[in-house]
Amino acid sequence: MPSLGGTEILIILGVALLIFGPTKLPELGSSIGKALRSFKDGVKEAEKTDDAPADTNKSSTP
């Protein structure tokens, strides 16, 4: 899979600027950043619960 170069990124940013306009672009970037941060936090939480030992609730009384 080919990677994106500098020219391709500039073209994508230019098209996004044309579609969303200069006033909505910072809001869009902020919301995407918040969504990625939330996703990363969820992945870290899932990894924590997977690594934690299972509670078998074994008691010594019969």
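The values are calculated or read from the model by the stated rules, or taken from the named source; none is laboratory data. The structure presented is a predicted model; accordingly, all values stated were derived computationally and were not measured. With ideal geometry, Cβ positions are generated from the backbone for all residues, glycine too; neighbour counts draw on all protein chains shown.
Structure summary
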{"quantity": "Sole residue being under 15 Å from the mean Cα position of the chain (by Cα) and at pLDDT 85 or above, chosen from K24, K34", "calculated": "K34"}
{"quantity": "Residues of the stretch 1-42 satisfying the condition of being of a type in the set (V, I, T) and surrounded by 10 or more Cβ atoms within 10 Å (Cβ to Cβ)", "calculated": "I9, I11, I12, V15, I19, I32"}
{"quantity": "In the stretch 37-62, the residues that are in a helix (DSSP H, G or I), at pLDDT below 90 and β-branched (V, I, T)", "calculated": "T49"}
{"quantity": "Pair list, Cβ under 7 Å, 6 or more apart: the stretch 1-24 residue free of Cβ contacts under 8 Å to residues at least 24 places away in the same chain, other residue surrounded by 11 or more Cβ atoms within 10 Å (Cβ to Cβ) and assigned to a helix (DSSP H, G or I)", "calculated": "A16/L25; L17/L25; F20/L28"}
